[in-house]
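*Asks:* Supplied in structure tokens, the structure appears directly below.
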Amino acid sequence: MSKETVVARHPLDELFRADRFPHILCPGCGIGAAMHCLAQAMTESGIPLDRHVCVSGIGCSSRVPGYLNVDSYHTTHGRSIPFATGLALVRPDLEVTVFAGDGDLFAIGGNHFIHAARRNVDLNVICINNFNYGMTGGQAGPTTPFGAKATTAPFGNWERPFNLPYLASAVGAVFVARWTTLHVRQLKEAVRSVMKKKGFAFIEVLSPCPTGFGRPNGIGDGLEEMELYRERCVVDHKASLPDMDIDLRDKKRPIVLGNFLNLDRPHYQPGKIPQETSHG
Amino acid sequence: MSGDHACAEGSLAAGLGFFAGYPITPSTEIAEHLAIRLSQVGGTFAQMEDELGSMAAIVGASVAGARSMTATSGPGFSLMMENVGLAVMMEVPCVVVNVQRGSPSTGLPTAVGQADVMQARWGSHGDYAIVAYSPASPQEFFDLTLRAFDTADTYRVPVFLMADEVVGHMTERVVIPPASRITRVQRKRLPRLKGNGRFLSFHTNGKDLVPALAHAGEGYRAHFTSLTHDERGYPTNSPDVHDRLVRRLVNKIKLNAGRIVEAEEYRLKDAEVVVVAYGCMSRSARRAVDMAREKGIRAGLLRPVTLWPFPESRLRELDKGKKKKAFVVAELNLGQMAREVERCIGRPPATLTHAGGKVLEPEAVLEVLAEAGR
Ligand SMILES: Cc1ncc(C[n+]2csc(CCOP(=O)(O)OP(=O)(O)O)c2C)c(N)n1
Ligand code: SF4
Ligand SMILES: [Mg+2]
């Protein structure tokens with residue numbers, strides 16, 4: 001029998017607001033793992049915690065900044081990016097990370113996403129893609145795969161979902177990655193690397209939502225969705241972005257992960273016209 | 001100088017650090033002027049993808065420490081309402097200019113209107129209070145823009161400049177005081193943190209009801225949320241905390257109304273007919289008052305400079321006395337402020353209304369005024 005030990009301190013204590021726990025996330029939810037990666041990346045970034053800022057919109061994923069012991073802003077649904085843009089432009093010395101859900105960033109906030117990427121605003125954008133609107137109870141959203149069931153797609157989703165890495169790269173992101181909450185080391189590394197990078201960096205994180213997505217789709221719990229990732233995911237940093245659609249019906253179709261894009265392009269500084277016209 | 005340019009210059013005089021906007025007539029000249037001028041003074045000008053983004057961006061810029069502003073007209077003002085609510089809830093000072101045009105919807109893009117008066121007060125969901133100024137000339141547009149930033153910083157609240165197309169586009173002499181004569185209110189700031197000390201970022205002393213502001217990147221590690229929150233800034237579902245918070249958000253303006261409210265009074269001392277008008281319509285109304293006086297009618301003008309809070313105690317005072325006065329409201333909407341006046345004096349005032357597109361002539365005001373005074 002193992003003995004329970006309560007440790008007085010944890011290496012990430014400084015990173016979390018102890019007085020905010022327990023958190024609201026469901027058992028088996030992937031958001032906690034992604035938050036942990038973000039916290040680790042912040043600690044290892046070499047940037048003092050007082051200079052980190054975390055901004056979110058509304059949703060389960062967007063609750064994360066509230067648990068992080070940094071300057072944090074839990075804004076309105078879909079508006080994390082423009083809010084963060086104003087903040088980052090006034091304080092370019094701060095390291096601003098946006099952490100929000102797929103619905104927040106790509107449905108209601110989609111317009112802000114594409115324009116901030118086009119401008120190459122110096123932001124790290126981490127998107128929890130749990131294939132649905134978790135917080136409001138499992139409705140279909142812009143990343144719900146074809147055929148997947150949701151409370152507003154009771155017979156299966158017939159809308160084509162976004163291929164987020166392809167979208168992000170097409171609209172101008174200078175760093176594009178996709179990982180899952182199973183791939184914590186790679187995810188943490190990706191987050192850490194974009195903290196050193198100027199410009200609009202995008203990281204998609206596939207994340208189990210047993211409550212909203214797993215249940216109606218026959219995925220028993222968070223662990224089972226992680227198992228699905230383990231079976232289906234392949235890492236291919238050089239994969240072709242247009243072919244990265246996720247379709248869970250086809251069991252042979254891999255889910256492609258990796259750090260797909262890492263470019264240097266002048267980031268957005270109002271008033272400063274970049275000299276080069278390079279697109280690469 | 002045009003009213004719109006005067007507004008832009010007023011914001012610069014106030015130390016504007018960040019402007020975000022989306023083009024819309026008749027406010028665009030403010031953005032265009034600031035696109036040139038802000039870079040000259042080391043500020044940041046950003047054109048956003050829409051007004052949802054513009055409003056969100058100025059709130060983000062303000063928590064980062066900059067005085068921030070956006071400018072728009074009715075259609076954009078509607079989109080901004082979402083994050084006006086955010087600024088109210090997070091108590092982030094900012095200034096929003098609405099150069100009103102004919103509405104609803106796209107309405108009359110190039111012509112005057114005053115029909116966003118009630119939207120300024122109630123446009124975002126929930127109970128809250130804001131401050132809204134109404135300039136009647138380019139000079140006043142300059143002066144009130146300058147003041148709007150101080151008011152926003154003092155009460156940690158979004159402040160609206162409810163101009164109209166006529167005031168925005170008219171050209172008049174504007175005197176800009178030398179920088180040395182301009183004083184600015186400083187935001188109430190949290191004391192520097194000692195060690196790893198915690199602090200209550202939404203704590204107020206109960207007197208002025210305005211908490212001190214923690215800017216980003218200063219080590220406070222503050223949390224701001226659009227959710228109902230306690231004094232630590234942490235979300236809560238407690239109905240009691242919610243009621244306390246919302247009441248404070250309303251009361252910090254309501255209980256300070258005496259300090260905030262401004263109204264201009266013209267020939268009111270012995271007036272038997274009180275015309276209430278604001279913005280461009282107050283210019284016609286002033287002329288109408290003079291014309292009435294020439295005819296021996298004792299008329300005067302009450303011009304609300306703050307539309308919100310509304311100068312209601314002054315109106316009630318004016319209505320005291322033995323002989324009941326006549327009240328006339330002249331405005332370019334179908335009676336939005338008339339309803340407010342009725343609320344104050346307890347009976348409907350005479351009205352001169354029009355849905356907008358033109359300023360009503362002094363003669364038209366005179367006619368209603370003379371009739372009301374009979
Ligand atoms: C303007 C607005 N519309 C709708 C909502 C309700 N709402 C809250 S969270 C949410 C969806 C969240 O989905 P996502 O961003 O994917 O986050 P998740 O909960 O899945 O992490 C919605 C629709 C809202 N808060 N504001
Ligand atoms: S609803 Fe889904 S995303 Fe939200 S906390 Fe529960 S499992 Fe996580
Ligand atoms: Mg989601």
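*Asks:* In terms of modelled amide H atoms, which long-range or inter-chain residues lie less than 5 Å from the amide H of residue B:352?
*Replies:* B:329, B:330, B:331
*Asks:* At each listed q (0.07, 0.11, 0.16 Å⁻¹), what is the log10 of I(q)/I(0) that the Debye formula gives for chain A modelled as equal alpha-carbon point scatterers?
*Replies:* Summing over Cα pairs of chain A leads to -0.24, -0.59, -1.26.
*Asks:* Please turn the phi angles of the stretch A:248-254 into ³J(HN,Hα) values with the Karplus equation 6.51 cos²θ - 1.76 cosθ + 1.60 (θ = phi - 60°), one per residue in order, whole Hz, x for glycine and proline.
*Replies:* Rounded to whole hertz, the list is 7, 6, 8, 5, 8, 6, x.
*Asks:* Heavy atoms only, probe 1.4 angstrom, no DNA, RNA or ligands counted: give me B:240, A:221, B:164 ranked by accessible area, highest first.
*Replies:* B:240, A:221, B:164
*Asks:* Cα-Cα pairs above 29 Å in the stretch A:123-280: how many percent?
*Replies:* Percent of Cα pairs beyond 29 Å in the stretch A:123-280: 22.
*Asks:* With 27 Å as the limit, write out which pairs from A:149/A:238; A:198/B:188; B:295/B:325; A:197/A:272 have Cα-Cα distances beyond it, or answer none.
*Replies:* A:149/A:238; A:198/B:188
*Asks:* Kindly tabulate the residues in the stretch B:61-76 with an accessible-area decrease of at least 40 Å² between the chain alone and the assembly of all protein chains, using a probe of 1.4 Å.
*Replies:* B:64
*Asks:* Using the heavy atoms of the protein chains alone and a 1.4 angstrom probe, what is the accessible area of the stretch A:126-243 per residue in square angstrom?
*Replies:* Dividing the accessible area of the stretch A:126-243 by its residue count gives 42 Å².
*Asks:* If ligands, DNA and RNA are left out, what is the accessible area of residue B:122 with a 1.4 Å probe, given in Å² to the nearest 10?
*Replies:* 140 Å²
*Asks:* Turning to a different aspect of this structure: For the protein assembly as shown, with all protein chains present and a 1.4 Å probe, just round the carbon and sulfur fraction of the accessible area to a whole percent.
*Replies:* 53 percent
*Asks:* OK, next. Over all alpha-carbon pairs in the stretch B:1-153, figure out the percentage whose distance exceeds 21 Å.
*Replies:* Numbers: 4285 of 11628 pairs.
The proportion of pairs with Cα distances above 21 Å equals 37 percent.
*Asks:* Moving on. Give the percent of DSSP beta bridges with both residues in the stretch B:3-181 that are antiparallel, rounded to the nearest 5.
*Replies:* 10 percent
*Asks:* Using the Cα atoms of the stretch A:121-163 to build a convex hull, what is its mean projected area in square nanometres?
*Replies:* On the way: hull surface 14.5 nm².
Projected area, direction-averaged: 3.6 nm².
*Asks:* Where in chain B are the DSSP H helices whose alpha-carbon span along the long axis reaches 20 Å or more and whose Kyte-Doolittle mean is at least -1.0?
*Replies:* Passing helices, by number: B:74-90, B:138-155, B:239-254, B:279-294.
*Asks:* Here is a further query. Restricting the count to DSSP beta bridges whose residues both fall in the protein assembly as shown, what percent are antiparallel, rounded to a multiple of 5?
*Replies:* DSSP beta bridges in the protein assembly as shown are roughly 20 percent antiparallel.
*Asks:* Sticking with this one: Report the relative contact order of the stretch B:100-257, percent, no decimals, based on alpha-carbon pairs under 8 angstrom and at least 6 residues apart.
*Replies:* 19 percent.
*Asks:* Would you mind listing how long the stretch B:215-374 runs along its three principal axes, going by Cα atoms, in whole Å with the largest first?
*Replies:* 66, 38, 26
*Asks:* Explain nothing, just the number: relative contact order of the stretch B:3-181, from Cα pairs under 8 Å at least 6 residues apart, as a whole percent.
*Replies:* Value for the stretch B:3-181: 27 percent.
*Asks:* Next question, about the same structure. I'd like the mean, over residues of B:43-53, of how many other protein chain beta carbons sit within 10 Å of each residue's own Cβ.
*Replies:* Whole-number average of other-chain Cβ neighbours for B:43-53 is 6.
*Asks:* Let me ask something else. For the protein assembly as shown, with equal point scatterers placed on the C-alpha atoms only and solvent neglected, what are the log10 I(q)/I(0) values from the Debye formula at q = 0.06 1/Å, to two decimals?
*Replies:* -0.38
*Asks:* Taking amide H positions as placed in the peptide plane 1.01 Å from N, state which residues far from residue B:262 in sequence (5 or more) or on other chains have amide H under 5 Å from it.
*Replies:* Residues meeting the amide H criterion: B:305, B:306.
*Asks:* Which of the trypsin sites (Lys or Arg not before Pro) found in the stretch B:170-240 are loop residues per DSSP with 15 or fewer other Cβ atoms within 10 Å of their Cβ? Don't jump to the answer; show the numbers that get you there.
*Replies:* Details: sites: B:173, B:181, B:184, B:187, B:188, B:189, B:192, B:194, B:198, B:207, B:221, B:232; in loops: B:173, B:184, B:187, B:188, B:192, B:194, B:198, B:207, B:221, B:232.
Within the stretch B:170-240, the qualifying trypsin sites (Lys or Arg not before Pro) (loop, at most 15 other Cβ atoms within 10 Å) are B:173, B:184, B:188, B:192, B:194, B:198, B:207.
*Asks:* Separate question: Accessible area per residue, 1.4 Å probe, Å², for the stretch B:3-181: what's the number?
*Replies:* 27 Å²
*Asks:* In deg cm²/dmol and to the nearest 500, what is the mean residue ellipticity at 222 nm of chain B if only DSSP H runs of at least 4 residues count, each as -39500 (n - 2.57), divided by the residue total? Intermediate results must be reported in sequence, preceding the final value.
*Replies:* Numbers: 13 runs with 148 residues, N = 374.
It comes out at -12000 deg cm²/dmol, rounded to the nearest 500.
*Asks:* State the antiparallel share, in %, of DSSP beta bridges confined to chain A, rounding to the nearest 5.
*Replies:* Just about 20 percent of them are antiparallel.
*Asks:* Can you check what the Kirkwood hydrodynamic radius comes to for the stretch B:35-112, Cα pairs only, in Å to one decimal? All intermediate terms of the calculation are to be shown ahead of the outcome.
*Replies:* Values: mean 1/r = 0.0754 Å⁻¹.
So the Kirkwood estimate lands at 13.3 Å.
*Asks:* Determine which residues of the stretch A:234-253 fall in the zone a paramagnetic label at residue A:263 would reach in this model, i.e. backbone nitrogen under 19 Å from the point 7 Å along Cα→Cβ.
*Replies:* A:237-244, by backbone N distance to the label point.
*Asks:* Counting only protein heavy atoms and rolling a 1.4 Å probe, how much accessible area do B and A lose on contact, total for both sides, in Å² to 100?
*Replies:* By this definition, chains B and A bury close to 3100 Å².
*Asks:* May I ask you to give the solvent-accessible area per residue for the stretch B:265-372, in square angstrom, as obtained with a 1.4 angstrom probe?
*Replies:* Accessible area per residue: 44 Å².
*Asks:* Three principal axis extents, largest first, for the C-alpha atoms of the stretch B:171-266, in Å?
*Replies:* 52, 33, 27
*Asks:* log10 I(q)/I(0), Debye, Cα-only the stretch B:88-169, no solvent, q = 0.14, 0.20, 0.24 Å⁻¹?
*Replies:* Per q value, in the given order, log10 I(q)/I(0) is -0.47, -0.90, -1.13.
*Asks:* Would you kindly calculate the translational diffusion coefficient of chain B, applying Stokes-Einstein with the Kirkwood radius from alpha carbon pairs, for 37 °C and a viscosity of 0.692 mPa s, and quote it in µm² s⁻¹ without decimals?
*Replies:* Values: Rh = 21.2 Å.
Calculated translational D: 155 µm²/s.
The values are calculated or read from the model by the stated rules, or taken from the named source; none is laboratory data. No experiment lies behind these values; they were computed from the predicted model shown. Ideal geometry is used to build each Cβ from the backbone, glycine not excepted, and the neighbour counts take in all protein chains shown. We work out accessible area using only protein heavy atoms, side chains counted, and drop any ligands, DNA or RNA first. Shrake-Rupley method; radii C 1.70, N 1.55, O 1.52, S 1.80 Å.
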